[in-house]
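Q: Structure provided below as structure tokens; questions to follow.
The values are calculated or read from the model by the stated rules, or taken from the named source; none is laboratory data. Values in this document were obtained by computation on a predicted structure and should not be read as measured data. Cβ sites come from the backbone with ideal geometry, for glycine too, and all protein chains shown count toward neighbours. Remember, those area values only see protein heavy atoms, side chains included, never the ligands or the DNA or RNA. Shrake-Rupley method; radii C 1.70, N 1.55, O 1.52, S 1.80 Å.
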Amino acid sequence: MNTSNRQGYLLDIDSHLLRGELRQHEYMGKHVSWRAGGHVAYFYQPADLEDLAVFLRHWPKEKPIVMIGLGSNLLVRDGGLAGVIISLHAKLNDLFLVEHDEHGDLIYAGAGISCAKLARFAASHNLAGAEFLAGIPGTVGGALAMNAGCYGSETWTWVERVKTIDRNGTLQERAPSDYRIGYRQVALRTAIPSIASDVWFVGGWFRFYPGQQESARQTIKTLLGTRLQTQPLNFPTAGSVFRNPPGNHAARLIEQCGLKGFRIGDAVVSTLHANFILNCGHATASEIEAVIDTVQATVYQKTGIELLTEVRIIGLHKESEP
Ligand SMILES: Cc1cc2nc3c(=O)[nH]c(=O)nc-3n(C[C@H](O)[C@H](O)[C@H](O)COP(=O)(O)OP(=O)(O)OC[C@H]3O[C@@H](n4cnc5c(N)ncnc54)[C@H](O)[C@@H]3O)c2cc1C
């Protein structure tokens, strides 16, 4: 493919080399759970791992790449992004048991597998520990990137090793010790920090512990029931917007500051769970971000506590759209 797009640059890739789907000027509201946001210059869904490697090798070295899963923790600003967003959801979808490892059973899950599927797969193989993943509406790749967690459990507790890919399409297996892992943050330890953001997860090996299928299924059911009661799942959201500050709860602070129900346009702080911001209609990314900014400023002004975002915000503001 030799084509220019609205962002005005050429992508010189022989289309015969690619087996995945390449789109231009893609509306990202379709690919993020907030159902809002701008356009990306290029959007690619690789056919498989080999195809992803080919794409990465041919993508211009100076142009940004963002890897995503289900977009359940992501906001792309209304001005969009002059690079490529690569979606792995339902593409790198290997899911299998690695049998008779000397320490028991391991599960390999591709980055595009949904967390819910991994949780059910583990349960169906009499493994326990993965139940918390059932209610996280993202992919394995997203869970690895975010160290997603809930109900006292986190993704990386269960990781034996991961498989990564870099800009050259080179695959590598890495150990948890290769990463700095914290609360909703994961960073590759490397001497050249700029390289760390250009190394992505394509899969991981998970070691859960022996359990009972029925009790794992029951735990999943209970945890999903709790979510239904405590989270506003009837509007587009990105889950918890802010990380909990040490020893405190973001939702409690937001509520104490009287911000439940605060709205700008169609972006509204949930009255059920104050750490969720709802898209109650046609919210723009700017409206959502303005609510985020106002919540941060108000909580800081009233309590002195700085709320940091858990959601990832990328792209340009509308006025700077290329
Ligand atoms: C209703 C609701 C409930 C939620 N509940 C929880 C919860 O209980 N706990 C929790 O932790 N989160 C929760 N979330 C947030 C979200 O589901 C998680 O953060 C999830 O792990 C994101 O996965 P994703 O595939 O959607 O990632 P995306 O949103 O697509 O991406 C998130 C970040 O990860 C990066 N990324 C994605 N894939 C890769 C990859 N393969 N390699 C490298 N980087 C990658 C992206 O670039 C981005 O920075 C919730 C969200 C919603 C909407």
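Q: Filter the range 237-270 for residues that are open to solvent by 40 Å² or more (accessible area, probe 1.4 Å) and within 16 Å of the ligand (Cβ to nearest atom); which is farthest from the chain's Cα centre (by Cα)?
A: Checked the range 237-270; the qualifying residue farthest from the chain's Cα centre (by Cα) is HIS249.
Q: Name every residue in the range 201-210 that is outside any strand (DSSP E or B) and open to solvent by 20 Å² or more (accessible area, probe 1.4 Å), in order of residue number.
A: Once the filter is applied, which keeps residues that are outside any strand (DSSP E or B) and open to solvent by 20 Å² or more (accessible area, probe 1.4 Å), the range 201-210 yields only ARG207.
Q: Determine, yes or no, whether ALA148 is touching a helix residue (DSSP H, G or I) at 6+ places or on another chain (Cβ under 6 Å) and of a type in the set (Gly, Ala, Ser).
A: Answer is yes for this residue.
Q: Which ones in the range 138-193 are under 20 Å from ASP105 (Cβ atoms), near the ligand (Cβ under 10 Å from one of its atoms) and in a helix (DSSP H, G or I)?
A: Across the range 138-193, the qualifying residues are VAL140, ALA143, LEU144, THR155.
Q: Return the total of residues in the range 271-312 being at positive phi and open to solvent by less than 10 Å² (accessible area, probe 1.4 Å).
A: So the count comes out to 0.
Every residue, every condition in (1) open to solvent by less than 20 Å² (accessible area, probe 1.4 Å); (2) at pLDDT below 95; (3) farther than 23 Å from LYS221 by Cα, yes or no:
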{"position": "ARG77", "(1), (2), (3)": "no, no, yes"}
{"position": "GLY80", "(1), (2), (3)": "yes, no, yes"}
{"position": "ALA123", "(1), (2), (3)": "yes, no, no"}
{"position": "ALA130", "(1), (2), (3)": "yes, no, no"}
{"position": "PRO137", "(1), (2), (3)": "no, no, no"}
{"position": "THR155", "(1), (2), (3)": "yes, no, no"}
{"position": "LEU171", "(1), (2), (3)": "no, no, yes"}
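Q: Yes or no: GLU214 within 30 Å of LYS61 (Cβ to Cβ), exposed (fewer than 14 other Cβ atoms within 10 Å of the Cβ) and out of contact with any Leu (no Cβ under 6 Å at 6 or more places or on another chain)?
A: For GLU214, the condition - within 30 Å of LYS61 (Cβ to Cβ), exposed (fewer than 14 other Cβ atoms within 10 Å of the Cβ) and out of contact with any Leu (no Cβ under 6 Å at 6 or more places or on another chain) - is not met.
Q: Kindly provide the set of residues from the range 139-153 that are within 16 Å of ALA90 (Cβ to Cβ) and open to solvent by less than 10 Å² (accessible area, probe 1.4 Å), ordered by number.
A: Listed by number, the residues that qualify are THR139, VAL140, ALA143.
Q: Every residue in the range 120-137 that is within 14 Å of the ligand (Cβ to nearest atom), part of a helix (DSSP H, G or I) and touching a residue at least 40 places away in the same chain (Cβ under 8 Å), please.
A: Within the range 120-137, GLU131, PHE132, ALA134, GLY135 meet the criteria.
Q: Continuing with this model, one more query. Run down LEU70, LEU56, LEU49, LEU92 and say which single residue is under 18 Å from ASP166 (Cβ atoms), within 16 Å of the ligand (Cβ to nearest atom), touching a residue at least 24 places away in the same chain (Cβ under 8 Å) and open to solvent by 40 Å² or more (accessible area, probe 1.4 Å).
A: LEU49
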